[in-house]
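For reference, the structure is listed below as structure tokens.
The values are calculated or read from the model by the stated rules, or taken from the named source; none is laboratory data. Keep in mind that what you see is a predicted model, and the values were worked out from it rather than measured. Cβ: placed from backbone, ideal geometry, glycine included. Neighbour counts: every protein chain shown. To get the accessible areas, we keep the full protein, side chains included, count just its heavy atoms, and leave off ligands, DNA and RNA. Shrake-Rupley method; radii C 1.70, N 1.55, O 1.52, S 1.80 Å.
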Amino acid sequence: YEFEGVCHVVVAERGHVMPGMMMIGSDSHTCTSGALGLFAMGLGATDMLGVLATGETWLVVPEAIAVQCDGNLAPGIMAKDISLYVLKKLGIGGAEGSVLEFRGEAIRNFNMDERFTLTNMSVETGATTAIIEPDSVVIEYLKGKAKSPYELLYSDDNANYKMTIRCSANELVPLVACPDRPDRVTEASKLGKIKIDQAYIGSCTGGKYHDFVMAAKILKGKIIASWLRLLICP
């Protein structure tokens, strides 16, 4: 699929990853596929060579961190805001050796584009991967895509969690990660007016259809400043 897009987005769009699988990729954001209810983990080049040569790998079974997001998001609040909220709570490396499990009403209300953003960003916390339990949204997404039958897996009612992070979706406000660390998160309203030289819309975490719809609503009827370079990368 050369020149079709970012690898971990393409594998999902092409139906190569499905609920219940264990999937290993050579990209740090392989965890994106966890939005479909599978264990997807990125490895470095040396470890990946071993997988390709033997079809096997080893890992320490990670602990689980529950991210419980209840309530409904206000207009203009996106999955990225939840990701930044969690990143601020945990910090870089705060979820090392763990899996983030996103759950709750706000998560169930997300379309697949937004769910992929949540699991994609988990790697910034140092998490091994992230996962969202599959539901009717996932099943609908996989119609006509899935390359083979799949199994829906869910957490046990008595599952043990290392910790639980609670997020009241209706209280969330637009958040921004400030230079020079992704966990240096603050409310956008506290930054005031800042002149920027370049804006970037897209990439693996924010380059899906839903992201561009949101961006278009904000930019509609406005003119880009003469000194500003705006890059758009689906």
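Can you put Val173, Val60, Val10 in order of accessible area, largest first, using a 1.4 Å probe?
Numbers: Val173 55, Val60 110, Val10 10 Å².
Most to least solvent-accessible, the answer reads Val60, Val173, Val10.
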What whole-number distance in Å separates the alpha-carbon centres of segment 90-137 and segment 19-87? 7
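With Cβ to Cβ distances under 15 Å as the rule, what net charge do the other residues near Tyr200 carry (K, R +1; D, E -1)?
Working: positive: Lys80, Lys208, Arg229; negative: Asp197, Asp211.
Surrounding charge for Tyr200 is +1.
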GNM, the chain, Cα, under 10 Å: largest mean-square fluctuation among Pro174, Pro134, Pro75? Pro75
Kindly write out, for segment 198-211 in residue order, the coupling ³J(HN,Hα) from the Karplus curve 6.51 cos²θ - 1.76 cosθ + 1.60 (θ = phi - 60°), rounded to whole Hz, with x marking Gly and Pro. 8, 10, 10, 10, x, 6, 5, 8, x, x, 9, 3, 4, 5
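For the chain, which whole-number percentage of the solvent-accessible area (1.4 Å probe, protein heavy atoms only) is attributable to carbon and sulfur atoms?
Numbers: 7270 of 13340 Å².
Taking all protein chains in place, the chain shows 55 percent carbon and sulfur surface.
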For all pairs of alpha-carbon atoms in segment 1-142, what percent lies in each bin of width 5 Å, listed from the first bin to the last filled one? 2, 10, 20, 23, 21, 14, 7, 2, 1, 0
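Would you mind telling me the antiparallel percentage of the DSSP bridges in segment 52-180, rounded to 5?
Numbers: 0 of 16 bridges.
Counting DSSP beta bridges with both partners in segment 52-180, the antiparallel share is about 0 percent.
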Net charge near Asn160: determine it from the other residues with C-beta under 15 Å of the C-beta of Asn160, scoring Lys and Arg +1 and Asp and Glu -1. -2
Inter-site label distance for Ile232 and Asn160 at 7 Å from Cα along Cβ, in nm: 5.1
Just how much of Arg14 is accessible, in Å², when a 1.4 Å probe is used and the result is rounded to the nearest 10? 100
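If you take every DSSP beta bridge whose two residues both sit in the chain, what share of them, in percent to the nearest 5, is antiparallel?
On the way: 3 of 28 bridges.
Of those bridges, close to 10 percent are antiparallel.
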Per residue accessible area in Å² of segment 68-189, where ligands, DNA and RNA are left out and the probe is 1.4 Å: 51
How much solvent-accessible surface does Glu171 expose, in Å² to the nearest 10, with a 1.4 Å probe and all protein chains in place? 140
Under 10 Å from the Cβ of Ala169, count the other residues' Cβ atoms, weight Lys and Arg +1, Asp and Glu -1, and hand me the total. -4
Subtracting the Cα-Cα distance of Lys190 and Met22 from 0.36 nm times their residue separation yields 56.3 nm
Once you treat every alpha carbon in segment 187-234 as an equal point and sum by Debye, what is log10 I(q)/I(0) at q = 0.24, 0.33 Å⁻¹? -1.09, -1.13
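To the nearest µm²/s, what D does Stokes-Einstein give for segment 103-228 at 20 °C and 1.002 mPa s, using the Kirkwood radius over alpha carbon pairs as Rh? All intermediate terms of the calculation are to be shown ahead of the outcome.
Numbers: Rh = 18.0 Å.
In µm²/s, the coefficient is 119.
I want to check a number: in the chain, how many lysine pairs have alpha carbons closer than 15 Å, given a sequence separation of 8 or more or different chains? All intermediate terms of the calculation are to be shown ahead of the outcome.
Numbers: Lys80/Lys88; Lys80/Lys89; Lys80/Lys208; Lys89/Lys162; Lys208/Lys217.
Number of lysine pairs found: 5.
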